[in-house]
1. Roughly how many nanometres apart are two label points built 7 Å out from the Cα toward the Cβ at residue 163 and residue 221?
2. Apply 1/(1 + (r/R0)^6) to the Cβ-Cβ distance of residue 87 and residue 2, taking R0 = 41 Å, and write down the FRET efficiency to the nearest 0.05.
3. Quick one: length gained pulling residue 149 to residue 208 fully straight, 0.36 nm per residue minus the C-alpha distance?
4. Ratio to report: Rg/Rh of segment 1-95, with Cα atoms as the point set and Rh obtained by the Kirkwood method; give two decimals.
5. Please report the projected area of segment 99-167's Cα convex hull averaged over all directions, in nm².
6. So, R0 is 25 Å and r is the distance between the beta-carbons of residue 74 and residue 230; what FRET efficiency does that work out to, to 0.05?
7. Given Cα pairs under 8 Å that are at least 6 residues apart, what percent is the relative contact order of segment 165-207?
8. Separation between the residue 107 and residue 41 pseudo-spin-labels, each 7 Å from Cα along Cα→Cβ, expressed in nm?
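Where a number appears in this text, it was derived from the coordinates with a stated rule and is not lab data. Because the structure is predicted, anything quoted here is derived from the model rather than measured. Note that each Cβ is placed from the backbone with ideal geometry, even for glycine, and that neighbours are counted across all protein chains shown.
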């Protein structure tokens, strides 16, 4: 697989979820899922993302981390003593599930890169350059998760990236409130594949209702685009603006839509987190 590396930004402050996220990173908030034995359990969202990408075939991870996020590094550090405690207390199923997580960690290369100041999602991605600059790579936000049978959305993204020799492939979803997201204007080029004509970050008057999900496949040229993109009015470097730079350079930017049976979990604010909890619990109780 040509795409074997992932950049996962987890440096955001999560201020819309305060005070719950004052000490606990929002990426560590739990959602429901199924354990290997089929029981409903809770896992931190960032662990679910890692396990999903690992089982898809990604084995090299670059986490972009900020101040106060040490708990994420601790969670991704194996703790044999805790395994022994679980087993001593007869929690064999929990111990087995945790051991599987640790086995995935053991078979992965994980690099932690510090982002000292909050300067935008694009700046976080740019900090991953020394780790993933050797070829195509995945960017996956640490607060978004897609429930998808057999990793279909990832397979679709990677296949189209390779088939079209793309410089970027985006994941889109129709939403009712596009002004809260990056928004794409597209044209169909055959089948369900889309060419991206323009992207705008949180437009006041969206041209479409196609929101950009924070999951992408990029060629390393995105780093050049980020270096040539100015920060927004708030002083943040937006990844959406760098994607627009790729389009202005006449590079190949494509997109696919999230399929109807694929579910997007976002924990950006209290209402979204409640929806993520209820949706993930329903899915875990009645897995398809």
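1. Calculated label separation equals 2.0 nm.
2. Between residue 87 and residue 2 the formula returns 0.50.
3. Contour length minus Cα-Cα distance gives 18.5 nm.
4. 1.00
5. 6.6
6. After rounding, the FRET efficiency stands at 0.10.
7. Taking the mean separation of contacting Cα pairs over the length of segment 165-207, I get 38 percent.
8. Going from the residue 107 label point to the residue 41 one covers 1.7 nm.
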